Amino acid sequence: MIILDGKKTSNDIKNEITDTVQAMKDNGEKVPHLAAVIVGNDGASLTYVGSKVRACERVGFESTMVRMPNTTSETELLKEIKKLNDNPEIDGFIVQLPLPKQIDTQKVLMAVDPDKDVDGFHPTNFGRMALDMSTFIPATPFGILELLDRYGVDTQGKHTVVIGRSHIVGRPMSILMGRKGFPGNSTVTLTHSHTKNITQITSQADIIITALGVPGFLKAEMVKDDVVIIDVGITRVPDDSRERGYYITGDVDFENVSKKASYITPVPGGVGPMTIAMLLKNTLLARERHRAANR
Ligand code: NAP
């Protein structure tokens, strides 16, 4: 059994990006600039955005955090997004979700310039992904592809079962694993909460990608020998015996499933750290595209 080590791989990627940024600086070029908009004071969102800003600093990017109060109206947020769209200094930006309930999330994501949409959530980019065109692949699915690629996991002709159909993980993952190319060329089954006899489906899978947010959902008796397991789930389970008051767990019963798996991602330390690395990669891509467009 081989652990797909997201912590190590994400560090490798960040080191590669650092080298590229250093070369940009040495050539007197503008370095990538990522902005993050956060509305309100949600603790988890502030932690996520803080990690993104720190990651930018680590690789030598410019970063800007735009903080707006919980009472921000949709119009005010849309005005801020227009400013970021129009600002030539900003290569890419993200709007941290969830947004307060007075704001229509879909409307906000639609307002982001697709050329700066480094989260890959705009319908234009999602459509381009589905059509195998160059785009910004959403960071978590992009991170999974990168892990499969760097560990040389064979996906061609394999049966991939994706559990969960969210727009940010399960749905794009199902499209990407079925596309022509590598990683891809899989035969994909997309499952969700209405899927019947899920064990019958998972027990035929060569690769299983779990993205549901149900701790320990995938059990050893649901998988066959040598299966490849990608566990996207991140759930905070309350635990008073720990200093933080909780521990983090995935959707897979790691202890027992890992005994049957050929490759498996741990939680934490698997898909999670890859997400920020791939956001940085998308921001670098945005900078390179803007530079090419301005030549
Ligand atoms: P989500 O929007 O919460 O959707 C969950 C999906 O799981 C839905 O499609 C739901 O089906 C399906 N589902 C729920 N219970 C099920 C069951 N018993 N059997 C089969 N399918 C079931 O999901 P998400 O935003 O993709 O997040 C999923 C997990 O990944 C969470 O733990 C989240 O924290 C984690 N996550 C991690 C990262 C990262 O590592 N960086 C990034 C994003 C998310 P229906 O569609 O029928 O409701």
Original post:
Taking region 170-207, which residues are more than 12 Å from the ligand (Cβ to nearest atom), hydrophobic (A, V, I, L, M, F, W, C) and open to solvent by less than 80 Å² (accessible area, probe 1.4 Å)?
Top reply: 175, 176, 177, 188, 205, 207
Original post:
Can you pull out the residues in region 272-282 that are of a type in the set (Val, Ile, Thr) and over 13 Å from residue 58 (Cβ atoms)?
Top reply: 275
Original post:
Quick one: would you say residue 118 is among the aliphatic types (A, V, I, L, M) and either surrounded by 22 or more Cβ atoms within 10 Å (Cβ to Cβ) or in contact with a Gly (Cβ under 9 Å, 6 or more places away or on another chain) (or both)?
Top reply: yes
**OP:** List the number of the failed condition for residue 107; all other conditions in (1) open to solvent by 40 Å² or more (accessible area, probe 1.4 Å); (2) within 15 Å of the ligand (Cβ to nearest atom) hold.
**Re:** (2)
Subject >> Breaking point among (1) closer than 24 Å to residue 257 by Cα; (2) away from the ligand (no atom under 15 Å from the Cβ); (3) of a type outside the set (A, V, I, L, M), for residue 127 >> reply: (1)
**OP:** Please list, ordered by first then second residue, the pairs with beta carbon atoms under 8 Å, 6 or more apart or interchain, first in region 62-88 and in a loop (DSSP other than H, G, I, E, B), second open to solvent by 100 Å² or more (accessible area, probe 1.4 Å).
**Re:** 70/41
**OP:** Show the residue pairs that are 6+ apart or on different chains and have beta-carbon atoms under 8 Å apart, the first residue being within region 152-169 and under 19 Å from residue 201 (Cα atoms), the second being of a type in the set (Asp, Glu).
**Re:** 158/206; 159/206; 160/206; 163/251
Original post:
For residue 218, all conditions in the list (1) over 30 Å from residue 91 (Cα atoms); (2) open to solvent by 60 Å² or more (accessible area, probe 1.4 Å); (3) within 15 Å of the ligand (Cβ to nearest atom) hold save one; what is the number of the exception?
Top reply: (2)
Original post:
Which one is farthest from residue 81 (Cα to Cα) among residues in region 1-55 that are small (Gly, Ala, Ser) and touching a residue at least 60 places away in the same chain (Cβ under 8 Å)?
Top reply: 6
Subject >> Residue match in region 239-246 (condition: touching a strand residue (DSSP E or B) at 6+ places or on another chain (Cβ under 7 Å), open to solvent by less than 80 Å² (accessible area, probe 1.4 Å), more than 12 Å from the ligand (Cβ to nearest atom) and at positive phi) >> reply: yes
**OP:** Take residue 121 and decide whether it is under 17 Å from the mean Cα position of the chain (by Cα) and more than 27 Å from residue 248 (Cα to Cα).
**Re:** no
Original post:
Across region 138-169, what is the total count of residues that are more than 11 Å from the ligand (Cβ to nearest atom), open to solvent by 20 Å² or more (accessible area, probe 1.4 Å) and either in a loop (DSSP other than H, G, I, E, B) or under 15 Å from residue 180 (Cα atoms) (or both)?
Top reply: 8
Original post:
Which members of region 247-294 meet the condition of being assigned to a helix (DSSP H, G or I) and open to solvent by less than 30 Å² (accessible area, probe 1.4 Å)?
Top reply: 257, 271, 274, 277, 278, 279, 280, 282, 283, 284, 286, 287
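The values are calculated or read from the model by the stated rules, or taken from the named source; none is laboratory data. Only a predicted model underlies this, so the values are computations on that prediction, with no experimental measurement involved. Virtual Cβ from ideal backbone geometry, glycine too; neighbours counted across all protein chains shown. Quick note on the areas: whole protein, heavy atoms, side chains included, nothing else; ligands and nucleic acids left out. Shrake-Rupley method; radii C 1.70, N 1.55, O 1.52, S 1.80 Å.
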